[in-house]
1. What percent of all Cα-Cα pairs in the chain falls in each 10 Å bin, counting up from 0?
2. I'd like the accessible area for Ile164, computed on protein heavy atoms only with a 1.4 Å probe and all protein chains in place. Round to 10 Å², please.
3. Give me the distance between the Cα centres of the stretch 112-139 and the stretch 78-100, rounded to whole Å.
4. When only the heavy atoms of the protein chains count and the probe is 1.4 Å, how do His5, His124, His77 rank by accessible area, highest first?
5. From the Cα trace of the stretch 1-46, what convex hull volume per residue do you get, rounded to a whole Å³?
6. Would you check the accessible area of Lys157, probe 1.4 Å, heavy atoms only, in square angstrom rounded to 10?
7. Run the accessible area of the chain with a 1.4 Å probe and give the carbon-and-sulfur part as a rounded percent.
8. Out of residues 5 or more away from Val104 or on other chains, whose amide H comes under 5 Å of its own, with H placed 1.01 Å from N in the peptide plane?
Amino acid sequence: MKYSHLLFDLDGTLIDTLEGVVKCAQYALRFYSIEKSLEELRPFLGPPLRYSFTKYGLNEEQAVEAISKYRERYDQHGASESRLFDSIPELLLKLKNAGYSLGVATSKYEEYAKIMLDDFGIAHYFDYITGSNLDESISKKHEVIEEALRRFGIGDKRNCALMIGDMRFDIEG
């Protein structure tokens, strides 16, 4: 077995969070009179929120405020607008039974990720769930992956870990 540790992205890989994420982004951007369609906001899946908001023309101060607006809606509606991709529990069970150590490395805030994975009944498959933190000391994908590898105790043995995701941020990380 070439890889012994598999790291999964959350949004768009394990869970279809598109509707919740883009509706929350839309809600936050409306605060600044920026109107974008849900399809135009698809790029919000993957990168840290601050990065995404600045890409839509907000300065750093506005991006911080927009993140608060985003969370305001996400806390009430965002998570419930997500769904587990078909066959994910079966896939995770097969991988665990095959001897892989499984982890999550997501740019989503770690506590949100843990709650979401628990709500969908798949948190127990993962040895570690690693995400960004509220103080943004860990927020970029490569920082999240570094932390996940550290938790696995394999920071110096990267060749035994594989990152599985759906966005360029997962590949670059």
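The values are calculated or read from the model by the stated rules, or taken from the named source; none is laboratory data. Note that this is a predicted model, so its numbers are computed, not measured. Each accessible area value is taken on the protein alone, full model and side chains, heavy atoms only, with ligands, DNA and RNA left out. Shrake-Rupley method; radii C 1.70, N 1.55, O 1.52, S 1.80 Å.
1. 10, 39, 34, 14, 3, 0
2. Estimated to the nearest 10 Å², Ile164 gives 50 Å².
3. Their Cα centres are 14 Å away from one another.
4. Ranked list, largest accessible area first: His124, His77, His5.
5. Dividing the Cα hull volume of the stretch 1-46 by its residues yields 78 Å³.
6. 100 Å²
7. Roughly 50 percent, rounded to a whole number.
8. Phe8, Tyr128, Ile129, Thr130
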